[in-house]
Amino acid sequence: MIKKHDDLIVETLARLLTPFIQAFALYVLFLGHYSPGGGFQGGVLVAASFILLIIAFDLEKTTERFSEKFNVICNGGGVFIYAGIGVLCILLGGNLLDYSVLSKILPVGPEEARALGILGVEIGVEITVAACLVSIFIDLASKGENLGGS
Amino acid sequence: MIWQLDLILLLLVLITGIAALSVKDLLSSAIILGAYSFLMCLLWTEMGAVDVAFTEATVGAGVSTVFFVAAIYHTTRRTKD
């Protein structure tokens with residue numbers, strides 16, 4: 001569907017905006033403790049930056065950078081981080097997602113271990129949401145054809 | 001809560017919602033739905049639910065409009081019958 005079209009303004013603007021959108025996504029993720037935001041919103045922002053690249057350039061050029069194989073790995077990897085932290089808490093003798101017991105393996109106290117645990121879970125959520133939305137858009141834009149990679 | 005602002009936003013939400021349902025062209029409907037999402041985002045911000053408003057601004061007005069446009073791209077502009 002999305003073919004290459006030569007528009008200098010659109011391409012330059014997309015190229016300039018993409019790193020700022022991704023930096024703002026990381027800001028939203030890490031400030032999610034204290035302010036509105038968090039993993040889901042940050043993940044949607046990361047996905048929006050890749051969707052902007054797909055719209056401004058073409059599908060093939062973007063999937064060279066963010067291939068479908070890597071997309072599948074991210075899709076599963078985020079869930080793995082989320083569930084892995086939860087199960088790690090059980091293995092260390094606490095409840096599921098009870099981050100304070102993470103202080104046994106991290107060099108911090110229980111309170112800081114709670115903050116770091118929720119940060120790890122949010123990072124997992126961000127990776128999965130970003131990869132999932134990008135894969136939905138790639139499927140919609142390419143009529144479900146396999147672009148190679150996975 | 002400023003009731004005048006609330007009233008204006010609610011009226012605009014109502015207008016855009018009805019317009020999105022009643023417009024015949026699918027592409028116009030998708031764009032009006034994006035405007036509806038943005039107005040809902042403003043309404044939620046005004047009511048103090050900033051987290052919900054942030055989600056609405058990113059998902060509703062940002063990504064889902066692009067998804068709708070990408071899906072409409074596969075349809076034809078006029079109906080066959």
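Look at the stretch B:66-72: the mean tally of other chain Cβ atoms within 10 Å of its residues' Cβ atoms is 5.
Helical runs assigned H by DSSP (4 residues or longer) give the protein assembly as shown a calculated mean residue ellipticity at 222 nm of -23500 deg cm²/dmol, each run adding -39500 (n - 2.57) before division by the residue total. Looking at region A:75-147, the trypsin sites (Lys or Arg not before Pro) that sit in a DSSP loop and have at most 14 other Cβ atoms within 10 Å of their own Cβ are A:Lys143. What you get for chain A, charging only the Cβ of Lys and Arg (+1) and of Asp and Glu (-1), is a dipole of about 120 debye around the Cα centre. Using a Förster distance of 30 Å, how high is the FRET efficiency between A:Glu111 and A:Phe24, based on the Cβ-Cβ distance and rounded to 0.05? That gives a FRET efficiency of 0.60. Please sort through the DSSP H helices of chain B and keep those with an alpha-carbon extent of at least 20 Å along the long axis and a Kyte-Doolittle average not below -0.5. TM-like helix candidates: B:3-22, B:26-46. Taking the Cα centre of chain B as reference, the dipole from Cβ charges on Lys and Arg (+1) and Asp and Glu (-1) amounts to some 480 debye. Of the chymotrypsin sites (Phe, Trp or Tyr not before Pro) found in region B:28-81, the ones in coil according to DSSP and having at most 14 other Cβ atoms within 10 Å of their Cβ are B:Tyr73.
Every number in this text was worked out from the coordinates using simple rules, so none of it is lab data. None of these values were measured; they are calculated from a predicted model. Reconstructed Cβ throughout: ideal geometry from the backbone, glycine too, with neighbour counts over all protein chains shown.
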